[in-house]
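First the structure, in the form of structure tokens, and then the observations on it.
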């Protein structure tokens, strides 16, 4: 049973749209959060993991309700577990940022700088996912490059939000 359009990345079947939502949500939380240097390692991990868990829960809840509406009946236990199994793959989104955090922490890099690196990698991943989509759509040459540029452009909008929404400062002053 499938709850939506999927693609394969290696051996994993994933929904690229939900993966992108999760990445962008995580990036937005990371750029708005303030006070990295006052946190301990476990708290930094919680700030990274928390949004992904929230997105997982929202996707699971939404998918289950969507199936229930479509089928006009309550879901069976097996159907609920299928939804959970399909949605929990998006919790894997936290692995790359956590690896970067661990490596940079061991190297003595500040949490603030580590988060900047994680955000930059997240932005680059949007370009990479746009490239995956373009390749799967059969695009080559200029259209392929434009697709990647579009993904990077969306990432740059996230970075622009970071510049506008500086933590602790009002974005628009009268």
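Using Cα springs under 10 Å in a Gaussian network model of the chain, which residue among 36, 129, 81 shows the largest mean-square fluctuation?
Fluctuation is largest for 81.
Counting other beta carbons within 10 Å of each Cβ, put 91, 126, 106 in order, fewest first.
106, 91, 126
Taking Cα centroids, how far is the stretch 93-135 from the stretch 28-78 in Å?
19 Å
Over the stretch 7-164, what relative contact order in percent results from Cα pairs under 8 Å that are six or more residues apart?
Details: 121 pairs, mean separation 39.3, N = 158.
Over the stretch 7-164, the number comes to 25 percent.
What is the helix-to-structure angle for 95-106, meaning the angle in degrees between its Cα long axis and the longest Cα principal axis of the chain, kept from 0 to 90 and rounded to the nearest 10?
30 degrees
Helix 111-136: angle to the longest alpha-carbon principal axis of the chain, degrees 0 to 90, nearest 10?
Helix 111-136 and the main axis of the chain meet at about 40 degrees.
If you scale each eigenvalue of the Cα gyration tensor by 5 and take the root, what three semi-axes come out for the stretch 13-163, rounded to whole angstrom and sorted largest first?
29, 24, 12
Hey, with R₀ at 25 Å, roughly what FRET efficiency would residue 49 and residue 128 work out to, going by the Cβ-Cβ distance, to 0.05? Show your work: numbers first, answer last.
Details: r = 22 Å, r/R0 = 0.88.
Calculated transfer efficiency: 0.70.
Per-residue ellipticity at 222 nm for the chain, helices alone: DSSP H runs ≥ 4 residues times -39500 (n - 2.57), over residue total, nearest 500 deg cm²/dmol? Don't jump to the answer; show the numbers that get you there.
Values: 6 runs with 121 residues, N = 174.
Only helices count here, giving -24000 deg cm²/dmol.
How much length would be gained if the chain were fully extended between residue 70 and residue 102, taking 0.36 nm per residue of separation minus their Cα-Cα distance, in nm to one decimal? Intermediate results must be reported in sequence, preceding the final value.
Numbers: separation 32, 0.36 × 32 = 11.52 nm, distance 4.32 nm.
Result: 7.2 nm gained on full extension.
Could you list 82, 22, 76, 105 in order of exposure, starting from the residue whose Cβ has the fewest other Cβ atoms within 10 Å? Please list the in-between numbers first.
Numbers: 82 18, 22 23, 76 10, 105 14.
Ranking 82, 22, 76, 105 by Cβ neighbours within 10 Å, fewest first, gives 76, 105, 82, 22.
Taking a cut-off of 15 Å, what percent of all Cα-Cα pairs in the stretch 21-70 are separated by more than that?
Numbers: 657 of 1225 pairs.
Of all Cα-Cα pairs in the stretch 21-70, 54 percent lie more than 15 Å apart.
Once the Cα atoms of helix 41-71 and of the chain are each reduced to a long axis, what angle between those two axes, in degrees from 0 to 90 to the nearest 10, is obtained?
Around 30 degrees separate the two axes.
Bear in mind these aren't lab numbers, they're just calculated from the coordinates by the rules spelled out. From a predicted model like this one, the values you see are computed outputs, not experimental measurements. We place every Cβ from the backbone using ideal geometry, glycine too, and count neighbours over all the protein chains shown.
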